[in-house]
Each structure stands twice: as structure tokens, then as C-alpha cells.
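Trainee: Take a look at the following structure, please.
Derivation of every value follows stated rules applied to the coordinates shown; laboratory data play no part. Computed from a predicted structure; not experimentally measured. Counting neighbours? That spans all protein chains shown, and the Cβs are built from the backbone with ideal geometry, glycine included.
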């Protein structure tokens, strides 16, 4: 493949990151009006009256050539929330964090040992509301492909990359459903090789696609 062909890939770092920065918010938005979340595919499940706890996740996009990848984690099966699911690094905001980006970077360091100096935060998506009571602010970060990880086995089984091209293809954004605690719930479901990316993580990926390419 010629260098010109590589330069024309929409998922090459030199093309994707400027496009993303032009479409993301430079600071997190505080309004809960019309935010994305579990309720969008489940209008029968009301979020009225839920007191949301602030959380943040890092969308770690690795600046690889010829196409960027997205770093995801597989959570350990014994966790209280979303055990055994594929997720972005992230967690609750702590008083010392200051910003969602700081919280996301701290959590990425604690969960998978991703050093903060290997990540450049580029901007925010709208917050994502969950039925479990979290208001998750996603921050997209450009990750140096020379990163090294140290997995925390108490939280994460493994970390792996998925091609950005796969995640940004709407044909891969299928809708699934299952009964949870006696209630039918709908969600996005993305099957990559032998892995299933679904639920909140898939919803945030869908939101990223809509913001950048919708």
C-alpha cells in the first residue's frame, strides 16, 4: 500500500484526531437535558428521580499507522458493577480529581497502568446516563503507541485493542436485548472476533460515531 493511500485513510491518526478535536467539546457539559444513556433505547425505563453519581471514562485511541486502535479492558468477574464486561478505563470522580479527564486518567493508571504522560486528552462527549445511577463523562485521548501496561488483576483481566475502523462502522452497531432482573432491556451490541462489546461501552462508542461521523 502506498504512503498516499495510508494518508487517505479516515482512521489514520493525522486525519482522525483533527476531525475529532473539531467535533468534541473542549470542556464537559453540565446540563442533563437530552443526554445520551440507557433510556434512549429503553424509553419504558424512566430515569426520573435517579440521583446520578459523577463518573468518567477514557476513550483511549492509540495513534497507530495505518489506522488507529481503541484500547479496551475486560473487567474481572467478581466486581459489583458490570462484572466480566468489556469496558473503557474509568470510574467515579474523586474530590482530588478536579475534572473528568483527570479522573479518567487516574483510573486508567490504577486499572491498567497506562501512564498519564502517554495520553493527550482531546475533548469530551456528552455525558451518558445509566440506569445504575452514574452520569458518565467520556473523554477521548490520543495514546502514544509506545505505551506499556501493568494490569491490576483486582479490576481487569486483560486489555486489548480493537481497530477504530471496526468501531466506527455503523454496520457493526447491532441492537440486542436481554431480560435483566425481570425487565427487558435493549442495548447496542458489537461482535468483534470472539468478543462482545455491549451495553454502556457500546452505547458510548455509538455516541462517538454519531458525534464524529453522524
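Trainee: For every helix of n ≥ 4 consecutive DSSP H residues, a contribution of -39,500 (n - 2.57) applies; sum these over the chain, divide by its total residues, and give [θ] at 222 nm rounded to the nearest 500 deg cm²/dmol. Please report the intermediate quantities before stating the final value.
Mentor: Values: 6 runs with 52 residues, N = 214.
When only DSSP H runs of four or more count, the value is -7000 deg cm²/dmol.
Trainee: I'd like the FRET efficiency for residue 171 and residue 96, computed as 1/(1 + (r/R0)^6) with the beta carbon distance as r and R0 of 35 Å, rounded to 0.05.
Mentor: Details: r = 42 Å, r/R0 = 1.21.
With a Förster radius of 35 Å, E is 0.25.
Trainee: Using Cα springs under 10 Å in a Gaussian network model of the chain, which residue among 61, 179, 119 shows the largest mean-square fluctuation?
Mentor: 179
Trainee: Could I ask something else about it? Sorted by average packing, counted as other Cβ atoms within 10 angstrom per residue and highest first, what order do 17-26, 129-138 take?
Mentor: On the way: 17-26: 14.0, 129-138: 21.1.
Ranked from most to least packed, the peptides come out as 129-138, 17-26.
Trainee: If you average the alpha carbon positions of the stretch 98-175 and of the stretch 59-76, how far apart do those two centres end up, in angstrom?
Mentor: Going from one Cα centre to the other spans 8 Å.
Trainee: With each label point set 7 Å from Cα along the Cα-Cβ vector, what nm distance links residue 184 and residue 48?
Mentor: 2.3 nm
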